[in-house]
Amino acid sequence: MSVHDALTGSLEQLAKALEPAVFEPRDGYVFLSFPSFPIPFLNGMWAHDDSAAVHIEDARADAERLGTPFTIMVLDSRTPAVEEAARGRGFAPAERMPGMLATHDSFRDEQVPGVEIAAISNRNELDEAEVIVRDAFGLPADWAAAVYAPEVVALEGVQFYLARVDGHAVATAMGFTIGDAVGIFNVATPAEDRGHGYGGTVTARAVRDGFDRGARYAALQSSAIGESVYRRLGFEQLETYVAFIPKS
């Protein structure tokens with residue numbers, strides 16, 4: 001069971017759907033380019049071995065050629081040579097993100113009374129989820145739209161969810177089941193609806209459904225605001241991702 005394998009496996013399938021996106025395994029790293037979704041943390045180099053250190057300039061040149069941002073994502077303490085090389089080339093750590101995993105045994109279900117959660121089944125519901133994600137993460141409208149493009153929605157194993165209270169949409173999440181893993185993405189709650197357990201409840205539904213589809217574990221990359229929620233659900237931190245970005 002590997003957080004990294006689950007996340008990169010999902011990104012590989014997303015890249016196939018979001019052409020001309022690129023997901024390319026290379027020596028010690030995966031090269032990522034998502035022109036329609038150019039957020040820094042999903043574009044550039046995801047290093048998993050120190051052999052990637054000597055390839056930083058080649059990968060950065062490829063990102064510049066493709067017109068996408070270039071971030072060096074490392075696994076903390078596992079790739080010291082990559083971190084040293086990144087700093088030497090003017091990159092600095094910008095954010096630390098826990099890579100977390102839950103199994104059937106560790107997962108603790110969570111359901112909040114009065115919250116109705118549905119697997120999204122139509123375009124109107126997708127549009128509602130898109131607005132929540134766009135506003136929660138401060139994304140430009142076209143970037144958010146790429147996540148909910150028909151090509152992504154049609155991917156095998158992908159399911160979006162919407163949580164409602166008294167008919168009002170209060171949270172959303174995405175589950176992506178591939179083989180033994182269900183990757184959890186785009187968990188978002190509007191600022192005015194936070195603090196009521198809605199994000200945990202919609203995440204729990206995505207995890208349960210992934211297990212029902214045959215997954216043995218659930219994996220995600222957490223933000224600082226979501227870490228306590230996921231720990232409450234039984235997720236444990238197995239990795240720490242560190243994103244290196246160019247110094248301004």
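Right, Val207: part of a strand (DSSP E or B) and modelled with pLDDT of 95 or more or not?
Numbers: part of a strand (DSSP E or B): no; modelled with pLDDT of 95 or more: yes.
Against the criterion (part of a strand (DSSP E or B) and modelled with pLDDT of 95 or more), Val207 does not qualify.
Among what's in region 206-248 and is within 15 Å of Phe107 (Cα to Cα) and charged (D, E, K, R), pick the residue that is surrounded by the fewest Cβ atoms within 10 Å (Cβ to Cβ).
Step by step, filter region 206-248, then rank; the result is Asp212.
State yes or no: is Ala145 over 17 Å from Val187 (Cβ atoms) and either in contact with a Pro (Cβ under 8 Å, 6 or more places away or on another chain) or among the aliphatic types (A, V, I, L, M) (or both)?
Details: over 17 Å from Val187 (Cβ atoms): yes; either in contact with a Pro (Cβ under 8 Å, 6 or more places away or on another chain) or among the aliphatic types (A, V, I, L, M) (or both): yes.
Criteria met by Ala145.
Please state which of the following conditions Ile245 fails to meet, knowing it meets all the rest: (1) within 14 Å of the chain's Cα centre (by Cα); (2) closer than 26 Å to Thr68 by Cβ.
If we test Ile245 against (1) within 14 Å of the chain's Cα centre (by Cα); (2) closer than 26 Å to Thr68 by Cβ, just (1) comes out false.
Restricting attention to region 207-226, does a residue exist that is touching a residue at least 12 places away in the same chain (Cβ under 8 Å), touching a Lys or Arg at 6+ places or on another chain (Cβ under 7 Å) and not assigned by TED's automatic domain parsing to the domain that holds Glu84?
No, the conditions are met nowhere in region 207-226.
Here's the yes/no breakdown for (1) modelled with pLDDT of 95 or more; (2) basic (Lys, Arg); (3) in a helix (DSSP H, G or I):
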| site | (1), (2), (3) |
| --- | --- |
| Leu101 | yes, no, no |
| Glu110 | no, no, no |
| Val131 | yes, no, yes |
| Asp135 | no, no, yes |
| Glu151 | no, no, yes |
| Ala169 | yes, no, no |
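Looking only at residues in region 34-65 that are under 26 Å from Val133 (Cα atoms) and aliphatic (A, V, I, L, M), which one is surrounded by the most Cβ atoms within 10 Å (Cβ to Cβ)? If you could, list the steps in order and put the result at the bottom.
Of region 34-65, the ones under 26 Å from Val133 (Cα atoms) are 34-46, 63.
Of the ones still in play, those that are also aliphatic (A, V, I, L, M) are 39, 42, 45, 63.
Details: Ile39: 15, Leu42: 19, Met45: 26, Ala63: 20.
In this case the residue turns out to be Met45.
Given the conditions (1) aliphatic (A, V, I, L, M); (2) closer than 23 Å to Ser222 by Cα; (3) over 22 Å from the mean Cα position of the chain (by Cα), report the number of the one that Val74 does not fulfil.
For Val74, the exception is condition (3).
Just a yes or no: is a residue in region 115-130 surrounded by fewer than 21 Cβ atoms within 10 Å (Cβ to Cβ), touching a residue at least 12 places away in the same chain (Cβ under 8 Å), within 27 Å of Thr172 (Cα to Cα) and more than 23 Å from the chain's Cα centre (by Cα)?
yes
The values are calculated or read from the model by the stated rules, or taken from the named source; none is laboratory data. None of these values were measured; they are calculated from a predicted model. Cβ sites come from the backbone with ideal geometry, for glycine too, and all protein chains shown count toward neighbours.
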